[in-house]
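Single-structure report; data block below.
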Amino acid sequence: MRRFASLLALAWLLLPAGPASAAQLAGVDLPDATEADGKVLVLNGLGLREATLMMVDVYVAGLYLEAKSTDPAAIVAADRTKRLVLKFVRSVGRENLVKAFSDGLDKNAGERAAAVAPGFARLNAAMDDVKKGDTLILTYVPGAGTTVRLKDVDVATIEGEDFQSVLFSIWLGPAPLNRSLRDGLLGVDR
């Protein structure tokens, strides 16, 4: 019997590992962790961007941090590695992406608007039409800046802690795109 138990335990150890744990929202799976700049970032929360009066689903966003937090001001202000992954569930034209970034800048930058405007101009210039299934990834690394990855290609790196702070404020600031999206990213609505 002891030998059988040992063989069973060995067989269990030799089984292939299952898929990595993932969180799901609106049919989109995002991993529970990712890596950036040699750091493991954990999924803080998932949110769904809904637009127009008809509440059309646009993308699922996942916020990854070095340590979970429900404090949006602390997340935005932290000079720590962070990542926002946007997985589109519908096609969106470049002009609508640029408008969303510009509106977010206007609503959340305050007195920093002029200082971060060149960074937002670079971000907007890097945008392109996206199709359902495309991904936009914004990764901030202290000292290196914010890397913008669109459709699996790095399209820009924008320096500055102020830029990342205003950029992440679009989703987490006092005037977010959607309050339910912000709550999802903070992990407070799940």
Seminar exercise, completed: Counting only residues that are more than 18 Å from ASP162 (Cβ to Cβ), among the hydrophobic types (A, V, I, L, M, F, W, C) and under 15 Å from the mean Cα position of the chain (by Cα), the stretch 72-96 contains a total of 4
Exercise. So which residues in the stretch 48-64 are within 25 Å of THR34 (Cβ to Cβ) and either surrounded by 21 or more Cβ atoms within 10 Å (Cβ to Cβ) or out of contact with any strand residue (DSSP E or B) (no Cβ under 8 Å at 6 or more places or on another chain) (or both), if there are any at all?
Worked result: ARG49, VAL58, TYR59, VAL60, ALA61, GLY62, LEU63, TYR64
Exercise. Inside the stretch 166-183, can you point out the residues that are closer than 20 Å to LEU97 by Cβ and in contact with a Lys or Arg (Cβ under 9 Å, 6 or more places away or on another chain)?
Worked result: VAL166, PHE168, SER169, ILE170, TRP171, LEU172, GLY173, ALA175, PRO176, LEU177, ASN178, LEU181
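Condition check ((1) within 20 Å of ILE137 (Cα to Cα); (2) at pLDDT below 95) across all residues:
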position: LEU10; (1), (2): no, yes
position: LEU13; (1), (2): no, yes
position: ALA23; (1), (2): yes, yes
position: LEU30; (1), (2): yes, yes
position: THR34; (1), (2): yes, no
position: LYS39; (1), (2): yes, no
position: ILE75; (1), (2): yes, no
position: VAL89; (1), (2): yes, no
For this session: Taking ARG182 as meeting all but one of (1) over 19 Å from GLY45 (Cα atoms); (2) charged (D, E, K, R); (3) crowded, with 18+ Cβ neighbours inside 10 Å, write down the number of the exception.
Result: (1)
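Can you spot a residue in the stretch 86-101 that is part of a strand (DSSP E or B) and touching a Pro at 6+ places or on another chain (Cβ under 9 Å)? Steps first, answer last, please.
Just the residues of the stretch 86-101 that are part of a strand (DSSP E or B), to begin with: 86-88, 92.
Checking which are touching a Pro at 6+ places or on another chain (Cβ under 9 Å) leaves us with none.
No, every residue in the stretch 86-101 fails to be part of a strand (DSSP E or B) and touching a Pro at 6+ places or on another chain (Cβ under 9 Å).
The values are calculated or read from the model by the stated rules, or taken from the named source; none is laboratory data. Please read these numbers as outputs of a predicted model, since none were measured by experiment. All Cβ positions, glycine included, derive from the backbone under ideal geometry; neighbour counts span all protein chains shown.
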